[in-house]
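All remarks here apply to the structure that follows.
Where a number appears in this text, it was derived from the coordinates with a stated rule and is not lab data. Since we're looking at a predicted model, the values are computed, not measured. Note that we place each Cβ from the backbone using ideal geometry, even for glycine, and neighbour counts take in every protein chain shown.
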Amino acid sequence: MEDSNVERFSASTPKPRIGIDGGDDNKNWRRRVNGVEVSVPIVCGSIAFFRGKKAKEYRTHNWTVYVRGATNEDLGVVIRKVIFHLHPSFKSPTRVVDSPPFTLSECGWGEFKIDITIFFHADACERKLELSHLLKLNPEIYSGPQSPNVPVVTESYNEIVFPDPFECFLSRVINHPAVHVPKLPEGFNLPPPGDAGDESYYKMKKGDTKDHPLSHWFSKFSEADELFKLTATRQKVYAACLPFVQADIAELKRQLVMVDVQPEQF
Amino acid sequence: MGGTDAKDILGLPKTPLSLTQEKKSRPQKESHRKPDGISREVYALTGGVAPLMPSIDVTHLKRPPPHDEKVAWQWLPVKSSARKDDLQLYHWVRVVNDVPPTGDYSFAKYNKSVDVLKYTDDEYENHLTDPVSVWTKEETDQLFELCERFDLRFTVIADRFPLSRTVEELKDRYYSVTRALLRARAQSPAELANHPLIKEPYDMTRDRERKRALSMVLSQSRHQEKKDAEILAEAKRITEMRLAARRAAEPDVPANENIGSVSPSSNSQLPATAVAPSTLTMADYASTLASLRMLHVYLRTYGLEQMVQAASSAVGLRTIKRVEQTLQDLGVNLKPKVPTKTVCDEHLELRKEILTLLNLQKQLQYKESEGSSHREGTYAAMPDTPKDRVFASEPFSFGAERPIKKEPKRKGPGRRSDTPSPAHKRPRKLKASDL
């Protein structure tokens, strides 16, 4: 697609190179890799089952809120712990989940916004990440009384981006299925994953959600449809721009004709 | 009630409630507890509301404050060091245990005056004659006498000065005379170094300028004030962004070169239309990217939001709404459902291209309205181009020809097949079939 008349600012990364940016300390194992972006596709969601006959006034639904890998891989490689901030009407509303799978199940009656704080392993990032999820218990469109066997599932896809990851982090996760690392250029040398850093995650039990009891309800997210729609729409918009450009070119030609220049020159 | 007594006193109209309603509200107000210790009318004067800060604990009001000394008030003569004459004045004095207070009159310490220097005639001739010879000795003497009388209050002195001189001129003369006098009398220059008159000499022109600037600021209209504030804020924003962009641009030298090479080429191809985003937006992108990288971790959706904001920073709210409307018309989610990196990049590019398209349309409309203002003038407005819709709101499939939906105010059928004649180039309404 020609884009000579539309200024392109590509967000694509420049050539990756080991940055001297050591940040706080310039030791080898804290060096950052500029230009390589590590991303972790996650799905943040909730599944709520109506309790049917067992429902009471304040305990009408069993629900589970979670942060899982988009392909159900183990997020424990990157995430150290997740804190779910529930509505204050819950007992000890700050629920900490410090091992994967990062899920939390509760019983309640109300819908509310759950603030989720994600903490990473030290070699990934020292800052925490905040997101939020609106817990839905009732289906959007009323279609009769709720069945206790069909839950209300609300999921949203997102990606955790580490823009300039540490070398040690990159080498640790580069082949892990939960983490997406773009193809590194030829001859790009990463040091082998050392023992530096927190190893406790290796000792954890199985953290992926592939066989989770609720995995049956998980949605699959594919970028294909959206990507297709976007590229198609871009082409349409580009085509819509063309007449204006052509009009301008025509205008210019006319002006030059008036200045007595031979049209054959164009 | 609610302060009706107060309103009465001030002559203000009472609330327009009808009498019955007032009666209803009155018992309501009466049921508010009024504090004991002050009478009902006094309380009502305050508007029926208790004071915010407890001034005196109400229980104290009935009882006199306790004291162990015997205090009496006596009418006694008073001596003040501030008075130079022998006038004998009397006032009430608080006498404690029969001992009248000692010491000077308490306000005598405020009797300060300015030390206006006095010069002799010799000194005048030697040091103080005005080189520019505007000031004569008599004038200078008069000035100094007024200065002493009025304690260097130059505005008063200016009023009383026999010749008409400005305040700045008087100040200038007084300060330069005093300065010269100090220098002449000083034993050594060192002891003068810290004297305020020597350290910061009076500058008449600067004083004038300062007063002029102040009066200009004071007389600025509100409109001017707002404009100034906006300009300052804009300038600040620009410098901050340039700074961030420069900082961000430093490690990314190859990325910068890309930007640099693209913008001149696109500018030269379309000189008439400002299609390329301005350098300001480029700095926006760079600084947004830089700030995202500073976070070390962020959500893809957050990153997209920031970049979209950067792209929209140079345009108004209406344009942003139009972009979003266009996206909706085209069946694109305003926030991608599967925000992967590629999807987000494409989304951002799409938004930018829509902005470009809207820009082009707007420019053509302007040119059209400019051009037609020279002609009959009836073409000026485009009544049939719905300003907020770029694409028809039907969802259309990719590549298929669709019949046009008849919009209510279209000017004529079949225009899309007309080629615009050179004389009347009108912006064609974009239809689904165009794409």
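By other beta-carbon atoms within 10 Å, ranking A:ILE174, B:ILE354, B:ILE231 with the fewest at the front produces B:ILE231, A:ILE174, B:ILE354. Positive contributions from Lys and Arg (+1) and negative ones from Asp and Glu (-1), summed over other residues with Cβ under 12 Å from the Cβ of A:SER156, come out at +3. Between A:ARG51 and B:VAL96, the distance separating the two model label sites (each 7 Å from Cα on the Cα→Cβ line) works out to 7.5 nm. Would you compute the Debye intensity of region B:62-161 from its alpha-carbon atoms alone, equal scatterers and no solvent, and pass along log10 I(q)/I(0) at q = 0.12, 0.17 Å⁻¹ to two decimals? One equal scatterer on each Cα of region B:62-161 leads to -0.66, -0.91.
Counted by Cβ distance under 12 Å from B:PRO162, the other residues give a net charge of -3, where Lys and Arg count +1 and Asp and Glu count -1.
Take each peptide in B:104-117, B:142-155, count the other Cβ atoms within 10 Å of every residue, and average; sorted highest first, the result is B:142-155, B:104-117. Ordering A:VAL161, A:TYR142, A:ASN175 by Cα displacement along the dipole of region A:128-175 toward the positive end leaves A:TYR142 in first place; charges were set at the Cβ atoms of Lys, Arg (+1) and Asp, Glu (-1).
Cross-link pairs exceeding 27 Å in C-alpha to C-alpha distance, out of B:LYS112/B:LYS199; A:LYS113/A:LYS183; A:LYS136/B:LYS352; A:LYS236/B:LYS367; A:LYS81/A:LYS220, comprise A:LYS113/A:LYS183; A:LYS136/B:LYS352.
Sort B:ARG160, B:ARG165 by Cβ crowding within 10 Å, fewest neighbours at the top. Mind dumping the intermediate values first?
On the way: B:ARG160 10, B:ARG165 18.
In order of increasing Cβ crowding within 10 Å: B:ARG160, B:ARG165.
Going by how many other Cβ atoms sit within 10 Å of their own, how do B:MET216, B:MET307 line up, fewest first?
Values: B:MET216 10, B:MET307 23.
Ordered by Cβ neighbours within 10 Å, fewest first: B:MET216, B:MET307.
Judged by the gyration tensor of its Cα atoms, with axes a ≥ b ≥ c, region A:136-191 is prolate; a/c meets the 1.5 cut and a/b is the larger of a/b and b/c.
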